[in-house]
Amino acid sequence: MKSKVLKLIFVFLLCSKAIFAQWETVYFPVAGLPQSFPCINSVEFRDFNNGFGAGHLGYLSNFHGCILKTSNNGTSWDTTYSTAMPFGFNDISYTSLATIIAVGQNINTGNLDSGLIVKSTDSGNSWTTLSTIGLTCLSFPSTNIGYVGGINGSILKTIDGGNNWNVLNTGTNSYVRSIFFINDTIGFVCGNDTLLKTTDGGLNWISQPLIIGTGFSLSKIFFPTDSVGYCNTFACGNDLTIFKTTDQGNTWISQYVNQAYCTLSMFFTDNSTGYTVGQFDVSKTTDGGISWNHQTATPPAMANFFDDIMDVFFLNSDTGFIVGNNQFYRTTIAGGATVSVNDISNPDKSTISVYPNPATDQITIELPNSETGKIELSIVNLMGQMIYKQETFDNSKIIDISQFAEGIYLIQAKTEDKKTYNKKIIIAR
């Protein structure tokens, strides 16, 4: 026992400057790259384990639309729906616990006017199909009311959960790339030189005062709250602009992101914390888009456009997923932020007490008596995986660790006023 502890302490010291992984890479199990690799354009999770990805399988002109399903947090995926050539899916979303809707289009050049809406009401076990125009995006503010967008400014609306759809007149022929409804009646669409808003469920659309110049394309719009929203341009480097509104789209301000690669999607977990993803890159802001930090995930050993990251989705502030060409990334700690195992630079982080250390079967975590609100406790292994999470109002907490493997772990406590306490421990038996 003593020699084992000494060995772990030696490893502990070697890792004292190690960084807990930001994003864990999980590859889709598809053989024959690149001819049959999946390009996943959209991802959404219902809970920590269950989620769907939508896109296409194939390479160049040999495309087959596919919907993939996971029930183990993305560790493995099964094809739950596939189309004949040459269709591909662009967006997918849960509309209730068991109902999923995906939209797509014919991805052969020149045939974008044909597409699909598919729906499952049994968690992806079976699907119904509706042929329609080429579609790129969807938004369901409630179970029965939803909107989809596509080519030539087309918007379709359903009021019966996707069984029937009516065409709305937007007054534009621009390609619709993203759609987001705050509630059943107030929503936004964006695309090529276009940002529109409706306040009456799509009957009328008003062009938004967004000056971006000609030739720009808006690729994604997202509202974390009713009043605060973000919209980004499909551009690269110094030309990349994030637009922000704090008054439900009445006015917009521009915020520049000096990013080396094009952005394709974004997601915000609250008013201030958000992510952009694109070619090779993941960037995060915690100040409402004023500044951005790169969180580049490690791409597979492929080149050029094969490394595009297409979409990002977060369940909460910690747990997120990103997808792209033959790749799936996930983070279960701090929203992909870098966490050092010896991060005690903030005095708030150095006053947590964890004992015994080394430990065998249980540990006691004690925080300062000044912390009186809700506390979120978590345990993270050296792979950056969160293996324990619980909320408590107690400053002292006993945790059973008998089921955890021997090794080095990070204990993390987050308070309601956003303080974070970190402590390293060793489990040895």
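Each value in this text was obtained by applying a stated rule to the coordinates, not by laboratory testing. Since the model is a prediction, treat every value here as computed from it, not as a measurement. We place every Cβ from the backbone using ideal geometry, glycine too, and count neighbours over all the protein chains shown.
Among the trypsin sites (Lys or Arg not before Pro) found in segment 358-402, those both in a DSSP coil and sparsely packed, with 14 or fewer other Cβ atoms within 10 Å of their Cβ, are LYS374. Taking each of LYS69/LYS157; LYS119/LYS418; LYS284/LYS418 in turn, the alpha-carbon distance tops 29 angstrom for LYS119/LYS418. Legend: ranking of residues ILE221, ILE387 from fewest to most surrounding C-beta atoms inside 10 Å; resulting order ILE387, ILE221.
Sequence-ordered 3J(HN,Hα) estimates for segment 398-410 from the Karplus curve with 6.51, -1.76 and 1.60 and θ = phi - 60° stand at 9, 10, 7, 10, 5, 8, 8, 5, 4, x, 9, 9, 10 Hz, glycine and proline given as x. Rounded, prolate or oblate, given the Cα gyration tensor of segment 41-174, with a/c below 1.5 counting as rounded? Since a/c reaches 1.5 but b/c is at least a/b, the shape of segment 41-174 is classed as oblate. For TYR175, the residues 5 or more places off, or on other chains, whose built amide H falls under 5 Å of its own are ASN152, GLY153, ASN192.
Size descriptors for segment 358-429 (Cα atoms only): Rg and Dmax, in that order, 12.0, 36 Å. Full extension of the chain between THR75 and ILE253 gives 60.1 nm of extra length, using 0.36 nm per residue less the Cα-Cα distance. For PHE181, the residues whose amide H sits under 5 Å from its own are PHE188, ignoring neighbours fewer than 5 places away on the same chain, with H placed 1.01 Å from N.
Note on segment 96-164 and segment 370-429: Cα centroid distance 42 Å, given to the nearest whole angstrom.
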